[in-house]
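For reference, the structure is listed below as C-alpha cells.
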Amino acid sequence: MKAALYAFSALLIIATLMPLVKKDYWTFRVFDYPRFQKFLLISAALAGWAFVDYNGLSKVDFGIIIILGILFLHLLKQIIPYSPFHTKMVKPARSREKTSIKVLVSNVYQYNNHYSKCLSLIKKERPDLFMLVETSNEWAKAVSALKESYPYQVELPLENTYGMLLYSRFPLKNTSINYLINEEIPSIFTDLILDGQPIKLFAIHPTPPVPGENTHSTERDAEILIVGKKAKAEKKPTIIMGDLNDVAWSYTTELFLKISGMGDPRRGRGMFNTFHAKYSFLRWPLDHIFVSDQFRLKKIKVHHSIGSDHFPISVELVLDKNNDNEQLEANAEEMSEAKEKIISGIEF
C-alpha cells in the first residue's frame, strides 16, 4: 500500500506544481485544467495516508503528507471563488430591471452532425444572441433555418474547426472580422443595438495548447489579452464570449480579468463546466461569457448535450448603469507581463 501511496502522491504533487511554472509549453499549461479533479485526488491521497500505521511513518512520509496538505489548501483557495461560498463577481439582477439580453455560446464540434439538437435548443431557449464555433459550411446551411427569427448575422463558416456563426435578434453594426494572431483564426467585433444602447461584442476562439494543434499557449494567451485590452478601452457595455480554450481559473484568464476590468459570472456561483461532455470526471469551464461592469446577471446555465464534446452555456443579463460589480486590478508587473505575452504571441 505504501508503494502505491508514494507513486500516487508523487504524481499529484507534480501535477499540482506544474501550472506554477510560467512556461507556455503545453505540458505545463494542460495541468491548468483539472483543478477540481486534483483537489479530489489529493483528498483521496490524504485519506489513504490516514490508514497507514502512524508509528511506521518516516520523515519522508511526513514530508509528503505535509506537502499534500499544503497543496490541498492551495487548491481549495483557488476553487472557492468558483463556488457559492465566494462573493459574486457579477452582481445579481434586481427585480425592477427590465432591459435584458440573453446570450448563448456553443462549440458545436465541427464533425458533429446532430444539427437538429442544436437548433431545437436555440428554439427552446430563445436567446437574443447566439454564437456557434467550429462551424463548417454544413453547419452554416443547417443554422440558416433560423435566419427568419434572427435577421442579423455574421457568418464565417470554415473547414479548419475555427468557423464562427453569430446570430442576433437585434441590429449588429460596425462589424469587423479580425485575424489578431493567426490568419486562419478569425474573431468578430461588432456592436449590438439594444433599445438604442450599443453593446460591444467580441467573439473569439483561440487555439488550445495541445499536441497536433499548437504545442504552446503563446498565441492563445496573446489573443485573449489583446481582446482584454480592447475591452478596457471601451466606454460602452461590453461582452466577450467564445470557447477560449482556457479554464476560468488559469493564470492567463485571471490576468485577462485584471487588465480588462471584465467580470466572470461564474465567480461566486459555480464552475459551470462546459467540457468534456463525454467524460463526466474530466470536465472544466472552457466556454466563457465575460461582461463589463454595466451588467448584472439574471441567470447562468449549462445546457444539455447537443452531440458535441462541449455543452452550450447561456447567460441572461440586464443593463445597470449604477453597478458595483467586483473588478480585479492589475499591478505594474502584471501590466508589463501582459504586454510581453501579447508581443510574444504576435511574433510567435
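The values are calculated or read from the model by the stated rules, or taken from the named source; none is laboratory data. Quantities reported herein were computed from a predicted structural model and do not represent experimental measurements. No Cβ is skipped: glycine too gets one built from the backbone with ideal geometry, and neighbour counts run over all protein chains shown.
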Any idea which residue in the stretch 107-162 is farthest from Pro186 (Cα to Cα), counting only those that are under 23 Å from the mean Cα position of the chain (by Cα) and free of Cβ contacts under 8 Å to residues at least 24 places away in the same chain?
Tyr111
Among residues of the stretch 163-180 being part of a loop (DSSP other than H, G, I, E, B) and within 19 Å of the chain's Cα centre (by Cα), the residue surrounded by the fewest Cβ atoms within 10 Å (Cβ to Cβ) is Leu180
Out of (1) modelled with pLDDT under 95; (2) closer than 26 Å to Arg269 by Cβ, the odd one out for Asp53 is which?
(2)
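Okay, residues lined up against (1) under 19 Å from Ile79 (Cα atoms); (2) at pLDDT 95 or above:
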position	(1), (2)
Ser9	no, yes
Ile14	yes, yes
Pro19	yes, no
Thr27	no, no
Asp32	yes, no
Phe39	yes, yes
Ile42	yes, yes
Of (1) more than 30 Å from Glu213 (Cα to Cα); (2) surrounded by fewer than 15 Cβ atoms within 10 Å (Cβ to Cβ), Asp128 satisfies all except one. Which?
(2)
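Out of the residues in the stretch 300-315 that are within 17 Å of the chain's Cα centre (by Cα) and either in a strand (DSSP E or B) or among the polar types (S, T, N, Q) (or both), which is farthest from Ala233 (Cα to Cα)?
Among them, the one singled out is Ser308.
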Just one of (1) part of a loop (DSSP other than H, G, I, E, B); (2) modelled with pLDDT of 95 or more; (3) over 15 Å from the mean Cα position of the chain (by Cα) trips up Lys232, so point out which.
(1)
So Val105 clears everything in (1) in contact with a Lys or Arg (Cβ under 9 Å, 6 or more places away or on another chain); (2) surrounded by 18 or more Cβ atoms within 10 Å (Cβ to Cβ) except one condition, right? Which one?
(1)
Please verify whether the stretch 274-289 includes one or more residues that are aliphatic (A, V, I, L, M) and under 26 Å from Lys230 (Cβ atoms).
yes
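I'd like to verify a number: residues in the stretch 257-272 that are outside any helix (DSSP H, G or I), among the small types (Gly, Ala, Ser) and surrounded by 21 or more Cβ atoms within 10 Å (Cβ to Cβ), how many?
Here the count works out to 2.
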